[in-house]
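Notes to accompany the following structure.
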Amino acid sequence: MTNIGVVGAGTAGLHLGLLLRQHDIPVTIYTDRTADQVAEGRLPNSVAHHAVTIERERELGVDHWPVEEFGYFCHHHWVGGAELFFRGNFQSPSRAVDYRIYQPTLMGDFEDRGGRIEIRSVEAEDLDALSEKHDALVVASGKKSLGDFFGINEAKTPYAGPQRRLMVGLWHGVAEEDTKSVTLSIAPGHGELLDIPLYSFAGHTHALLFENVIGGDTEVLADARYDDDPEAFRRLVLEKMRQHHPTVAARIDESTFALARPQDLLQGAVRPVLRNDYRVLDNGTVVIAAGDVHSVLDPVIGQGGNSASYSGYTVGQEILEDLGFGADLGRRAAERRRERVEKVSDWTNLMVQVPPAPHMIDLLGAMSQSPTLADEFTQNFNDPIAQWDDVVGSPETAAAAIARTATRDTSEEPAHA
């Protein structure tokens, strides 16, 4: 009987494992942290899942957080300098749940359905021994040695280092817009702020993700130490929002604005990287990359968890077709997911470009005047291929999108302006 080993209990590994268990395939997930240790850890990210991923969760039987209560319904955009404020609607809601709640819950689901979780650290040198136990290995852990094992796809990795320095925390005291939404606030030359309604241990909070341009005025947020002086840290966050992100600052009640818990804060930087899809060991066992070890995305476009889910699930679909293992499985999985994975990577690299591409500036201006274009751009967070091919992929693509949507807009005031 087919037996699959998965390294990493993130979203890619869990969605893959749950899919295979639906078809009674034996799966062992190797991870270096128990569910309790994940739950007790520091905030790992501010991941949102879009409708396409939520539908996959329904198919897997792990849609535990109904969008009616936990979802959000649109994006608000603020562009400083130009003073633009506009909205784009989703056709179906997105949702953000703290991964310290989400992933331990799915680890429990996986074990309840007969999956096996083995708590151990796995490095690249361990893969040969693991391969003797399984027909195929899928690596979905971002450890450095495992990333080095696959190697970088240089053609799709244009940056030598991070393009933003990040600070994200979960905060109380941030009021919602009239419709529950994410706000993307852009401060030219300084970076972006994503205000994301996110469910965590403290209930409904707001994840404030500062994407700070290196050398910009807000970069200090990536270095400031909360533990040294929590009140000074809070005042600094408020100061930078007032200066650079006024539409978010206007919704803050400063008397109640506070970090939910000390461990609800993450600072760091991410280099966008796409690695090679697979390798074949000397014994013929294929080792396939998925999740963060395959595609490292800056969180500015909110695709990390969605791309990981898609990647792991797609590998599972190839395994279920039962057309054999070895290099052939690696080639099939790579081809099946290549277009979406590569265009997510391209879109990420475009959005963190400094200075921004002129056609992205044109698109932002056009979206502020075209509800149709703003809705299409927002809905395409569910379809990165359409986003790249039909909207953002080149100056010519952007110009065609602007012209196409302009003809569908009417002169009357849009209902969601």
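Please tell me if residue 87 is charged (D, E, K, R), over 19 Å from residue 304 (Cα atoms) and at pLDDT 95 or above.
Answer is yes for this residue.
One residue is enough: does region 120-133 have a residue meeting the conditions surrounded by fewer than 20 Cβ atoms within 10 Å (Cβ to Cβ) and closer than 30 Å to residue 66 by Cα?
Within region 120-133, none of the residues are surrounded by fewer than 20 Cβ atoms within 10 Å (Cβ to Cβ) and closer than 30 Å to residue 66 by Cα.
With (1) free of Cβ contacts under 8 Å to residues at least 60 places away in the same chain; (2) surrounded by fewer than 21 Cβ atoms within 10 Å (Cβ to Cβ) as the list, and residue 295 as the residue in question, which single condition is left unmet?
Here residue 295 meets the rest and fails (2).
Anything in region 218-261 that is under 25 Å from the mean Cα position of the chain (by Cα), surrounded by 13 or more Cβ atoms within 10 Å (Cβ to Cβ) and acidic (Asp, Glu)? List them, or say none.
Listed by number, the list holds a single entry, 219.
Quick one: residue 93 ticks every box in (1) in the same structural domain as residue 309 (by TED's automatic domain parsing); (2) within 22 Å of residue 300 (Cα to Cα) except a single one, so which number is it?
(1)
Here are some residues: 329, 364. Which one is modelled with pLDDT of 95 or more, part of a helix (DSSP H, G or I), more than 22 Å from residue 15 (Cβ to Cβ) and of a type outside the set (Ser, Thr, Tyr)?
364
Can you tell me which condition residue 319 does not meet? The list is (1) in a helix (DSSP H, G or I); (2) of a type in the set (A, V, I, L, M); (3) out of contact with any Leu (no Cβ under 8 Å at 6 or more places or on another chain), and all the others hold.
(3)
What is the residue count in region 378-396 for residues that are more than 21 Å from residue 308 (Cβ to Cβ) and without any contact (Cβ under 8 Å) to a residue 24 or more places away in the chain?
Residues flagged as more than 21 Å from residue 308 (Cβ to Cβ) and without any contact (Cβ under 8 Å) to a residue 24 or more places away in the chain within region 378-396 amount to 2.
Within region 46-64, can you find the residues that are surrounded by 19 or more Cβ atoms within 10 Å (Cβ to Cβ) and either within 29 Å of residue 191 (Cβ to Cβ) or under 18 Å from the mean Cα position of the chain (by Cα) (or both)?
Answer for region 46-64, where residues must be surrounded by 19 or more Cβ atoms within 10 Å (Cβ to Cβ) and either within 29 Å of residue 191 (Cβ to Cβ) or under 18 Å from the mean Cα position of the chain (by Cα) (or both): 46, 47, 48, 49, 50, 51, 53, 54, 56, 57.
State which residue is surrounded by the most Cβ atoms within 10 Å (Cβ to Cβ) when the search covers only region 170-199 and only residues that are small (Gly, Ala, Ser) and within 23 Å of residue 269 (Cβ to Cβ).
191
Give the number of residues within region 87-142 that are closer than 30 Å to residue 370 by Cα and part of a loop (DSSP other than H, G, I, E, B).
So the answer is 1.
Where in region 217-308 are there strands (runs of 3 or more DSSP E), lying wholly inside it, with at least 1 residues that are among the small types (Gly, Ala, Ser)?
Because the criterion is at least 1 residues that are among the small types (Gly, Ala, Ser), the strands (runs of 3 or more DSSP E) in region 217-308 that meet it are 265-269, 286-289.
Please find, among 249, 207, 222, 232, the residue that is out of contact with any helix residue (DSSP H, G or I) (no Cβ under 9 Å at 6 or more places or on another chain), under 16 Å from residue 177 (Cβ atoms) and among the aliphatic types (A, V, I, L, M).
After applying the criteria, what remains is 207.
The values are calculated or read from the model by the stated rules, or taken from the named source; none is laboratory data. This one's a predicted model, so the numbers in the text were calculated from it and none came from an experiment. Backbone-built Cβ (ideal geometry, glycine too); neighbour counts: all protein chains shown.
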